[in-house]
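Asks: Quick one: the structure is below, and I'll ask about it shortly.
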Amino acid sequence: MASGDIVVGLDIGTSKIATIIGNTWQSDPEKIEIVGVGTAPSEGLRKGVVVDIEKTTASIRESVKVAEMMAGVQVGSVYAGIAGGHILGQTSHGVVAVSGEGHQIIQTDVDRAINTAKATATPVDREVLHVISQDFVVDDQDGIKHPVGMSGIRLEAYVHIITGAVASVQNLLKSINNAGLSVEDIVLEPIASADSILTSDERAVGVTLADMGGGTTDIVIYKDDALRHTKVIAVGGDHVTNDIAQLLKMTPYDAEILKHRRGCALVELIEAHEKIQPPTVGGFQRPRLIPRQHLAEIIQCRMEETIDLIHNEIASYGTSTPAGLVLTGGTSLVSGLLELVQDRLPYPVRIGYPRPLKGLSDRVNSPIYATGVGLVMYGSVVRQSTESGRQFMKPGDNLFGQITQRMKEWFSEYF
Ligand SMILES: Nc1ncnc2c1ncn2[C@@H]1O[C@H](COP(=O)(O)OP(=O)(O)OP(=O)(O)O)[C@@H](O)[C@H]1O
Ligand SMILES: [Mg+2]
């Protein structure tokens with residue numbers, strides 16, 4: 001294997017844990033080669049949150065081992081995804097007077113404006129995960145991306161701050177550290193998915209990405225090249241599986257198989273005469289035949305609810321997003337879903353597959369790997385800008401301090 005710099009994405013999902021090993025070249029972060037992929041069923045999470053550290057650690061170990069064997073490298077550190085209903089995203093702004101000579105804005109003014117925006121109430125029980133700058137206002141001129149060097153009296157920064165519950169973040173860190181791995185960064189899962197799925201044009205004109213996983217549906221909205229809105233909804237494909245199990249009286253295991261093989265999210269796509277034979281619980285009941293439309297009704301009902309929740313988030317953002325909605329994550333693979341969403345929502349919709357990279361890209365060519373591939377892409381960019389020295393996150397650390405440091409490095413990179 002040609003040796004570049006190894007960057008590892010660890011997607012700790014509710015349904016599966018995926019480890020993706022990328023080989024990147026410092027001179028060109030775009031040239032990422034996928035050299036290892038490992039997945040393992042996820043045992044220790046509910047609705048995106050670690051509820052059993054030991055089981056999560058065991059699943060992480062399993063998935064990392066498979067990826068390591070494929071790549072022929074040993075993984076020491078990872079970029080890890082985080083989600084769950086405890087995640088909150090809010091947009092905040094801060095204003096400072098320009099201090100530089102001749103009122104020319106310098107980097108320190110930008111840092112101060114962002115820090116002022118950040119200072120707006122982060123409760124003690126929450127960790128800051130991301131502080132993402134949106135844009136700046138210099139005096140009355142808004143929509144400015146690069147204020148350094150401009151002249152003005154007053155500088156205003158708009159930032160999107162994403163926080164998570166301290167306990168949930170620490171349990172995630174513990175699970176990873178217990179698997180013998182260091183954490184280079186924790187990344188909100190839909191931000192990673194966006195890196196692998198969305199085009200720069202979509203982010204510029206305005207787009208919503210919904211990562212529909214097993215336990216959660218994670219929503220991010222981009223407009224004018226910046227993240228504007230974040231929401232994690234604790235509804236996913238597991239709910240569909242549970243509905244099928246409950247209503248058709250079968251085990252969740254059998255319901256999952258039936259959903260994949262015969263499921264459909266739009267009743268009208270199924271012929272009225274089509275029948276399915278669901279397995280029974282226990283061996284005593286007689287085999288039964290039921291209309292396949294009945295299965296589709298169950299799935300359609302839950303999917304409509306989820307789509308409406310996504311639509312409500314888009315409506316609550318309140319600004320137009322002409323590039324419409326991109327669906328990704330395993331639940332976007334439910335057959336008939338695209339047709340259902342297109343019927344129900346008034347904007348363009350597509351299913352997002354990870355952008356093709358070099359190497360074993362075909363192994364990750366599924367919406368299921370959107371987050372894992374995105375974590376490698378995200379990590380390769382951060383690695384570029386923090387070559388001065390890597391820092392690793394541990395339970396009990398002040399993540400906020402590290403994030404501030406990371407931001408400074410990004411800003412000096414971009415301005
Ligand atoms: N072909 C398919 N048809 C229908 N559903 C599918 C298909 N493939 C995967 N799924 C569903 O997708 C879900 C898993 O998706 P994914 O792997 O993106 O979730 P995750 O990342 O583990 O979970 P989360 O992000 O919610 O924590 C499961 O509910 C699974 O049943
Ligand atoms: Mg996921």
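Asks: Take residue 141 and residue 153, extend 7 Å from each Cα along the Cα→Cβ direction, and tell me the distance between the two endpoints in nm.
Replies: Using points 7 Å along Cα→Cβ, the separation is 1.6 nm.
Asks: Quote the FRET efficiency, to the nearest 0.05, computed for residue 166 versus residue 271 with a Förster distance R0 of 51 Å and r equal to the Cβ-Cβ distance.
Replies: 0.45
Asks: If I fit a long axis through the Cα atoms of helix 53-71 and take the longest principal axis of the Cα atoms of the chain, what angle between them do I get, 0 to 90°, rounded to 10?
Replies: 80
Asks: Right, another one. Taking the dipole about the Cα centre of the stretch 88-163, with the C-beta of Lys and Arg at +1 and of Asp and Glu at -1, give me whichever of 113, 152, 131 is farthest to the positive side.
Replies: Towards the positive end, the residue furthest out is 131.
Asks: Pairs of lysine in the stretch 221-331 with Cα under 22 Å and at least 8 positions apart or on different chains: total?
Replies: For the stretch 221-331, the number of qualifying lysine pairs is 4.
Asks: A further question on this structure: From the residues 371, 69, 252, which one has its Cα farthest along the dipole of the chain in the positive direction, the dipole being from +1 and -1 charges on Cβ of Lys/Arg and Asp/Glu about the Cα centre?
Replies: Among 371, 69, 252, the one farthest towards the positive end of the dipole of the chain is 252.
Asks: Expressed as cubic angstrom per residue, what is the convex hull volume of the alpha carbon set of the stretch 32-89? Before the final figure, lay out each step's value.
Replies: Numbers: hull volume 6.1 nm³, N = 58.
Here the figure is 105 Å³ per residue.
Asks: How large is the Rg to Rh ratio of the chain when both quantities use alpha carbon positions and Rh follows Kirkwood?
Replies: 1.00
Asks: So how tilted is helix 252-262 from the main axis of the chain? Cα-based, degrees 0 to 90, rounded to 10.
Replies: Once rounded, one gets 90 degrees.
Asks: Can I ask one more? Going by the alpha-carbon gyration tensor, a ≥ b ≥ c the square roots of its eigenvalues, is the stretch 1-159 rounded (a/c under 1.5) or, if a/c is not under 1.5, prolate (a/b greater than b/c) versus oblate? Display every interim value, and only then the final one.
Replies: Details: a/c = 3.96, a/b = 1.82, b/c = 2.17.
Oblate is the answer for the stretch 1-159, as a/c is 1.5 or above yet b/c matches or exceeds a/b.
Asks: Something else now. Working with all protein chains in place, sort 261, 288 by solvent-accessible area computed with a 1.4 Å probe, largest first.
Replies: The ranking, largest first, comes out as 261, 288.
Asks: If you don't mind, there's one more thing I want to ask. What stretch of the chain, leaving out the sites themselves, is the longest with no GluC sites (Glu not before Pro) in a DSSP loop having at most 15 other Cβ atoms within 10 Å?
Replies: Counting at most 15 other Cβ atoms within 10 Å as exposed, the longest clean stretch of the chain is 44-270.
Asks: Relative to the longest principal axis of the chain, what angle (0 to 90°, nearest 10) does the C-alpha long axis of helix 370-385 take?
Replies: Here the helix axis deviates by roughly 20 degrees.
Asks: Rolling a 1.4 Å sphere over the protein heavy atoms, what is the accessible area per residue of the stretch 88-163, to the nearest Å²?
Replies: Numbers: 3550 Å² over 76 residues.
So the stretch 88-163 comes to 47 Å² accessible per residue, rounded to a whole number.
Asks: In Å, the Kirkwood hydrodynamic radius of the stretch 88-163 over pairs of distinct alpha carbons?
Replies: For the stretch 88-163, inverting the mean 1/r across all distinct Cα pairs yields 12.5 Å.
Asks: How long is the gain from residue 297 to residue 91 if the chain were fully straight, where each residue apart is worth 0.36 nm and the alpha carbon distance is subtracted?
Replies: Separation in residues times 0.36 nm, less the Cα-Cα distance, equals 70.3 nm.
Asks: Roughly how many debye, to the nearest 20, is the charge dipole of the chain about its Cα centre, given +1 on each Lys and Arg Cβ, -1 on each Asp and Glu Cβ, and no other charges?
Replies: With Lys and Arg at +1 and Asp and Glu at -1, about 1180 debye.
The values are calculated or read from the model by the stated rules, or taken from the named source; none is laboratory data. What you see is a predicted model, and the numbers here were worked out from it, not measured in a lab. Ideal geometry is used to build each Cβ from the backbone, glycine not excepted, and the neighbour counts take in all protein chains shown. SASA here: full protein model, heavy atoms, side chains in, ligands and nucleic acids out. Shrake-Rupley method; radii C 1.70, N 1.55, O 1.52, S 1.80 Å.
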